[in-house]
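A.B. asks: Dumping the structure here so I can ask a few things about it.
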Amino acid sequence: MEVIIVKGYDEVGKTAADIIATAMLHKPDLVVGLATGTTPISTYRELVRKHKEGGLDFSKVITFNLDEYLGLPMHHPQSYYTFMWEHLFKDVNINPENIHVPSGQILDHERFCQSYEGEIRRAGGVDVQLLGIGRDGHVGFNEPGSSLYSRTRLKTLTKETVEDNSRLFDNPHEVPRFAVTMGVGTILDARQVVLVASGKPKAQAIADAVEGPISSMCTASALQLHPEVTVVADEDAASLLKRREYYDWVRNNKRQIHEVIEKQIRERLRLDHKEWG
Ligand code: GLP
């Protein structure tokens, strides 16, 4: 797990967007897992800027959103579908046919959840999964106690999550109590994961996820099992990390890795040249 600590919220978005944009340049038909919540908004803002100013191409990109509230119509102002259109899709050249957001209006939820998993598989699996984190360490809507092997399914939200999300609803009684969410197992299947976090309220969750024991009590901690995770946190969100100095040390030394490798290659070539006369 790589931990990148940056100054503030905007830098979190820039760093995460750079990772996603780099992956898109390598694979134009990248399959991206998308997250909602206020934290990824700066990432989406930066991706939109890269599209408008640098021509970052979304035409072949395929997206799968993590979750959706159960019972909200697609075009409800607080649905995650609406959120994604507002913050990303309307401003980039994505093909609407390549967009997948779980439906909040499903009658046969088991069948729907299985078919969502099937669609991810048919697209070749998620290449890069963007995640936020809840105050209790949840990813997607995988609340504490969720199986770390879980797949897409219905979840009952905790009181805390309902309260946290009520700020976005005009009427707090309207906040849905249930959601459809990719499971922790679904998230762990992604080839690469980028988790973004900002602000003091996320500090404990980040410390538990990065340095705590792997536990279903903090579903983000399951990311410790994944070989390719980058946590991008601002100073406040990183403030309870105990190994902060090491993360900065790794980051500052990382560019030297290339120099060391290049030096080794040069040395090898010099020896080969000598051997062959
Ligand atoms: C909801 C979403 C999560 C998100 C979390 C935190 O629970 N399902 O995906 O990470 O909110 O949101 P915020 O970034 O607004 O704090």
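Values quoted throughout were computed directly from the atomic coordinates according to the rules given, and no laboratory measurement underlies them. Predicted, not measured: the structure shown is a model, and the values here were computed from it. Virtual Cβ from ideal backbone geometry, glycine too; neighbours counted across all protein chains shown.
A.B. asks: Could you work out the relative contact order of the chain, using alpha carbon pairs under 8 angstrom and six or more residues apart, expressed as a whole percent? Each step should come with its number before you reach the end.
C.D. replies: Values: 528 pairs, mean separation 64.6, N = 277.
For the chain, the relative contact order is 23 percent.
A.B. asks: So, one more: Assuming a ≥ b ≥ c are the square roots of the Cα gyration tensor eigenvalues, decide whether segment 82-183 counts as rounded (a/c under 1.5), prolate (otherwise, with a/b larger than b/c) or oblate. Let's see the in-between values first.
C.D. replies: Numbers: a/c = 1.61, a/b = 1.21, b/c = 1.32.
Since a/c reaches 1.5 but b/c is at least a/b, the shape of segment 82-183 is classed as oblate.
A.B. asks: On C-alpha positions alone, give me the angle between the axis of helix 41-54 and the longest principal axis of the chain, in degrees, nearest 10.
C.D. replies: The angle comes out near 60 degrees.
A.B. asks: May I ask for the distance between the Cα centers of segment 44-98 and segment 154-224, given as a whole number of Å?
C.D. replies: 20 Å
A.B. asks: Quote the charge dipole size of the chain about the Cα centre in Debye, to the nearest 20; the model charges only the Cβ of Lys and Arg (+1) and of Asp and Glu (-1). Present the calculation step by step, with values, prior to reporting the outcome.
C.D. replies: Numbers: 33 positive and 39 negative charges, 114 e Å.
Using Cβ point charges on Lys, Arg, Asp and Glu, the chain gives about 540 debye.
A.B. asks: In addition: Name the residue farthest towards the positive end of the dipole of the chain from the options Ser166, Ala238, Ile19, assuming +1 on Cβ of Lys and Arg, -1 on Cβ of Asp and Glu, about the Cα centre.
C.D. replies: The listed residue farthest towards the positive side: Ile19.
A.B. asks: If we sort 221-232, 31-42 on the protection proxy, mean other Cβ atoms within 10 Å, highest first, what's the order?
C.D. replies: On the way: 221-232: 19.0, 31-42: 22.8.
Ranking, from highest mean packing down: 31-42, 221-232.
A.B. asks: Explain nothing, just compute: Karplus ³J(HN,Hα) = 6.51 cos²θ - 1.76 cosθ + 1.60, θ = phi - 60°, for every residue of segment 140-156 in order, whole Hz, x for Gly and Pro.
C.D. replies: x, 10, 7, 5, x, x, 5, 4, 6, 9, 4, 10, 4, 6, 8, 10, 8
A.B. asks: Treating cross-link reach as a plain straight distance, find the lysines whose alpha-carbon is under 24 Å from the alpha-carbon of Lys90, omitting any fewer than eight places away in the same chain.
C.D. replies: Filter leaves Lys14, Lys27, Lys50, Lys52, Lys60.
A.B. asks: Provide Asp18, Asp272, Asp234 in ascending order of the number of other Cβ atoms located within 10 Å of each residue's Cβ, fewest first. Could the numbers behind the result be given before it?
C.D. replies: On the way: Asp18 16, Asp272 9, Asp234 26.
Going from least to most buried by this count: Asp272, Asp18, Asp234.
A.B. asks: Let me ask another. Assign one of three labels to segment 2-242, namely rounded, prolate or oblate, based on the Cα gyration tensor with a ≥ b ≥ c the square roots of its eigenvalues; rounded applies when a/c is under 1.5, prolate when it is not and a/b is larger than b/c, and oblate otherwise. Write out the running numbers ahead of the final one.
C.D. replies: Details: a/c = 1.27, a/b = 1.01, b/c = 1.25.
Because its axes are fairly even, with a/c under 1.5, segment 2-242 counts as rounded.
A.B. asks: Which ³J(HN,Hα) values, rounded to whole Hz and listed in residue order, are derived for segment 89-96 from phi using the Karplus coefficients 6.51, -1.76 and 1.60 in 6.51 cos²θ - 1.76 cosθ + 1.60 with θ = phi - 60°, glycine and proline given as x?
C.D. replies: These are the phi-based 3J(HN,Hα) values: 4, 5, 9, 10, 8, 7, 7, x Hz.
A.B. asks: Also: Rounded to the nearest 5, what is the percent of antiparallel bridges among the DSSP beta bridges in segment 2-242?
C.D. replies: Details: 9 of 31 bridges.
Percentage antiparallel, nearest 5: 30.
A.B. asks: Ranked highest first by average number of other Cβ atoms within 10 Å, how do 172-185, 57-70 line up?
C.D. replies: Numbers: 172-185: 19.6, 57-70: 21.4.
Packing proxy ranking, top to bottom: 57-70, 172-185.
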